[in-house]
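Novice: Sharing a structure, written as structure tokens. Questions coming.
Nothing in this text is a laboratory measurement; each read-out follows from the coordinates by a stated rule. Small disclaimer: the values here were computed from a predicted structure and weren't measured. Neighbour counts run over all protein chains shown; Cβ positions are idealised from the backbone, glycine included.
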Amino acid sequence: MEMTQYLSVFMDEVQEHLHTLNSSLLALENDPTNTGLLETIFRAAHTLKGASATMGFNKMSNITHAMEDLLTRIRNGEMAVSSEIVNILFECFDLLDALAQGIASGHEEEIETAGLLTQLRMLASVGKKEVTITARTAKRDIKPEYNRDEKALIEESIQNGNILYHVNVKLRDDCLLKGARAFMVLNELEKHGQVVRTWPIVKDLEDENFGNRFIVGVLSVENTESVKNPVVGITDVESVNVEHIDLASLPMVQGEEGAKEISRGTAVIRTGAAPRVVTSPTVRVEIKKLDDLMNIVAELVIQRSQLEQLSEELDSKQLNEVLEHFSRLTVDLRDRVLRARMVQVESVFSRFPRLVRDLSKELGKEINLEIIGGDTELDRTVIDHIGDPLMHLIRNAVDHGIESPSDRLQMGKPQAGRLTLRAYQESNTVVIEIEDDGRGFNYERLRQKAVEGGFVSEEESRLYTDEELTELVFIPGLSTAQAVTDISGRGVGMDVVKNVIEGLGGVISIKSQYGAGTLVQVRLPLTLAIIQTMLVRAGSETYAIPTSYIEQTISIGSREIQNFRGQEVVNVRGDILPLLWLSRLVESPEPPVSESNELDAIIIKIGEHRVLLVVDQLVRQQDIVIRPLGGYLGRIQGIAGGTVLGDGQIALVLDMRVVA
């Protein structure tokens, strides 16, 4: 069988089961007697074993098979869950994760597994008693029997020319995939007739709850050899015996109706009912296909803008009606495609409980991690890039922020530190917060480090507020760590975090109180493909401002503008906001301003920072498709990209983090 076409599906399934293993192991460590968690871990390992063996990835199959042996002993009550067992299971997870990456890159064979396999087998054999028969592996005395309903079905089928066969299948003793082989046998038999019954029942076959032998009752018009030959060729099938059963000698259940189920799989047939097909409610789609679909939607958005411009010029009632309907369909299509690209942030958050566990053990700290809002959704493109920045922030919180248990007790805090990872949607943005109840920022030490490193002068540092000092942590090479460790203190990380987040159109801000804790807040756009903007004019040019930065649009009188320490400000409902002129920022001619003028203005909010931006004219809100400026122009400070308007003109998209 050509397996390469199934590799992507296999890798998706591996990631799902690895996620299950990781979260379940973390929970099992805190609740070692939870049999439900143990069953979940066993099922994940069992499924990974079967899938990897089928694909020919023997190293992954061997590891999961050894895990199964260990977990089986725990399930049977022969061993108890201990810290040693949990640690080695975590090592298994790490190795399986490495093998998955190796399979994806084609370097699986380079990964060493022998050492861990030996540890698993030794641990699974401790105190093990030799037994000849167990409940799960015994060769049961299989006795085929039918109930009355099944007999009626068989009688009718025989009258129509079918023959009843009992296909007795024996698998090899060393078969690793008994459930999969049984499925293949049933699949082949269904091509040559109707499967009436299996012994043991289908569920036991799927769960591998049988020895190495099973029997299948089949109704077929074909001869014995035609039924037997396809089964003989299946891997791991040691022998096949096909017996013709007469209706007169049909074995019947004594005094009981027996099981009603007479087939399996997606078409489960029950007596007295028609076949019922059960289909999956989901389907896997390649990200590239969604990207292509989004690009088509983006082009539709541009065409819609051009049609709106044309409609204004022609002033046609019929065209306006068609355009209105087209606009609704375009918006609906855009929203549905965007939702299809959305992924829960839990897919990223799920990595961090293990990270916090390992770091807390390494540092000798006690930390309770709380995750809130894991079901919040973000565009897949954004999700793919935020994992590493969030990991940096969590490592810093664990290493720099949360104190040791003894220090916390001396400060009157609980012995265990609290770390909260929170996500929620706010307007067109998703907010992710990392909050700890640790030591917070020592602003005096931060000021000294900045001066010693030559980042600011002594005089300048004294003018900085605590909020402005906090921004210094994003300077490359500045670190307040007293010692360099494997975890932090090299002066790298926070600048990378800021660059990645701002590259995604996001904003990062930090609030801290010395001795009480730190809150890091990351704001990210829901999607990078199509964004909502406010079109504004400065001189003869049109600019687009993302609405994620806009708190409110207002009008102000020119007489309301005041001058405070060389900075123009306006009092807006009791808040003094600094004033910026868009025409000055983009170096376009300024419109004449008289004392009686009413000016269009936008309150721009970036984190906790608010400014008032005066524009020549507010045009309208519009969805736009952001396009890069290209290699010739490169990156221009204050410009995030460009877009095509309905009249064919180019509008620059302002990067308000720089402009404001």
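Novice: For an R0 of 30 angstrom, estimate the FRET efficiency from the Cβ-Cβ distance between PHE326 and ILE636 and round to the nearest 0.05. Each step should come with its number before you reach the end.
Specialist: Details: r = 34 Å, r/R0 = 1.14.
E(calc), rounded to 0.05, equals 0.30.
Novice: Once both labels are modelled 7 Å past Cα along the beta-carbon direction, what's the ALA248-THR465 spacing in nm?
Specialist: 10.2
Novice: Determine the calculated [θ] at 222 nm for the chain from helices alone, applying -39500 (n - 2.57) to every DSSP H run no shorter than 4 residues and normalising by the residue count; nearest 500 deg cm²/dmol. Walk me through the numbers before you get to the answer.
Specialist: Values: 21 runs with 268 residues, N = 660.
Using -39500 (n - 2.57) per qualifying helix, the result is -13000 deg cm²/dmol.
Novice: Among 212-221, 307-316, how do they line up by average Cβ neighbours within 10 Å per residue, starting with the highest?
Specialist: Numbers: 212-221: 19.9, 307-316: 13.3.
The most tightly packed comes first, giving 212-221, 307-316.
Novice: While we're on this one: Taking 35 Å as R0, compute the FRET efficiency from the Cβ-Cβ separation of GLU598 and SER427 and round it to 0.05. Don't jump to the answer; show the numbers that get you there.
Specialist: On the way: r = 27 Å, r/R0 = 0.77.
Once rounded, the FRET efficiency stands at 0.80.
Novice: Can you pull the one-decimal nm distance between simple spin-label points at HIS385 and THR72, each 7 Å off the Cα toward Cβ?
Specialist: 4.9
Novice: With the crude spin-label approximation of a point 7 Å out along Cα→Cβ, what separation in nm comes out for GLN448 versus SER558?
Specialist: Label-label distance for GLN448 and SER558, simple model: 5.3 nm.
Novice: Moving to a separate point now. For the stretch 559-593, which trypsin sites (Lys or Arg not before Pro) are in a loop by DSSP, counting at most 14 other Cβ atoms within 10 Å?
Specialist: Those satisfying the criteria are ARG565, ARG573.
Novice: Related question: Pulled fully out, how much extra length does the chain show between GLU551 and HIS609, if you take 0.36 nm times their separation in residues and subtract their Cα-Cα distance? Could the numbers behind the result be given before it?
Specialist: On the way: separation 58, 0.36 × 58 = 20.88 nm, distance 1.12 nm.
Residue separation times 0.36 nm, minus the Cα-Cα distance, leaves 19.8 nm.
Novice: Sort the following peptides by mean Cβ neighbour count (other Cβ atoms within 10 Å, averaged over residues), highest first: 540-552, 57-69.
Specialist: 57-69, 540-552
Novice: Right, here's the next one. Quickly rank 331-341, 34-44 as a protection proxy: mean count of other C-beta atoms within 10 Å, highest first.
Specialist: Details: 331-341: 15.0, 34-44: 16.5.
So the order, starting with the most tightly packed, is 34-44, 331-341.
Novice: Looking at the stretch 530-659 from every direction and averaging, what is the projected area of its Cα convex hull in nm²?
Specialist: Details: hull surface 34.7 nm².
It is 8.7 nm².
Novice: Computed FRET efficiency, Cβ-Cβ of ARG627 and VAL285, R0 30 Å: what is it to the nearest 0.05? Present the calculation step by step, with values, prior to reporting the outcome.
Specialist: Working: r = 25 Å, r/R0 = 0.83.
For R0 = 30 Å, the calculated efficiency reads 0.75.
Novice: Any idea what the dipole of the chain comes to, in debye rounded to 20, about its Cα centre with Lys/Arg Cβ at +1 and Asp/Glu Cβ at -1?
Specialist: On the way: 68 positive and 99 negative charges, 252 e Å.
The dipole magnitude comes to about 1200 debye.
Novice: I'd like the projected area of the stretch 345-525, averaged over all directions, using the convex hull of its alpha carbons. Report it in nm² with one decimal. The partial results should precede the final answer.
Specialist: Values: hull surface 41.5 nm².
That works out to 10.4 nm².
Novice: From the residues GLY115, SER404, ILE603, which one has its Cα farthest along the dipole of the chain in the positive direction, the dipole being from +1 and -1 charges on Cβ of Lys/Arg and Asp/Glu about the Cα centre?
Specialist: Going by the Cα projections, it comes out as GLY115.
Novice: Among all the aspartates and glutamates, which ones have a C-alpha under 14 Å from LYS605's C-alpha, if same-chain residues fewer than 8 places away are not counted?
Specialist: Here the aspartates and glutamates satisfying the reach criterion relative to LYS605 are GLU426, GLU551, ASP575, ASP655.
Novice: Among the chymotrypsin sites (Phe, Trp or Tyr not before Pro) in the stretch 404-482, which ones are in a DSSP loop with at most 16 other Cβ atoms within 10 Å of the Cβ? Mind listing them? Numbers along the way, then the final one.
Specialist: Details: sites: TYR424, PHE441, TYR443, PHE455, TYR464, PHE474; in loops: PHE441, PHE455, TYR464.
Taking the stretch 404-482 and a limit of 16 other Cβ atoms within 10 Å, the loop chymotrypsin sites (Phe, Trp or Tyr not before Pro) found are PHE455.
Novice: Sticking with this structure for a sec: For LYS151, give me every one of the aspartates and glutamates with a C-alpha distance below 15 angstrom, ignoring sequence neighbours fewer than eight places off in its own chain.
Specialist: Within the straight-line cut-off, LYS151 pairs with ASP246, GLU256, GLU257, GLU261.
Novice: Below 8 Å, C-alpha to C-alpha, sequence gap of six or more: please give me the relative contact order for the stretch 530-659 in percent. Provide the component values of the computation, followed by the final result.
Specialist: Details: 260 pairs, mean separation 39.9, N = 130.
Relative contact order here is 31 percent.
Novice: While we're here: Putting +1 on Lys and Arg Cβ atoms and -1 on Asp and Glu Cβ atoms, find which of ILE530, THR547, GLY648 reaches farthest to the positive end of the dipole of the stretch 530-659.
Specialist: Going by the charge dipole, the pick is ILE530.
Novice: Follow-up question, since we're still on this one. Find the relative contact order for the chain and round it to a whole percent, using C-alpha pairs within less than 8 Å whose residues are 6+ positions apart.
Specialist: Working: 1019 pairs, mean separation 53.9, N = 660.
In percent, rounded to a whole number, it is 8.
Novice: Follow-up question, since we're still on this one. Would you indicate which of (1) 87, 54, 45; (2) 88, 61, 56; (3) 109, 77, 46 is the value of Cα extents along the principal axes in Å derived from the coordinates of this structure?
Specialist: Answer by label: (3).
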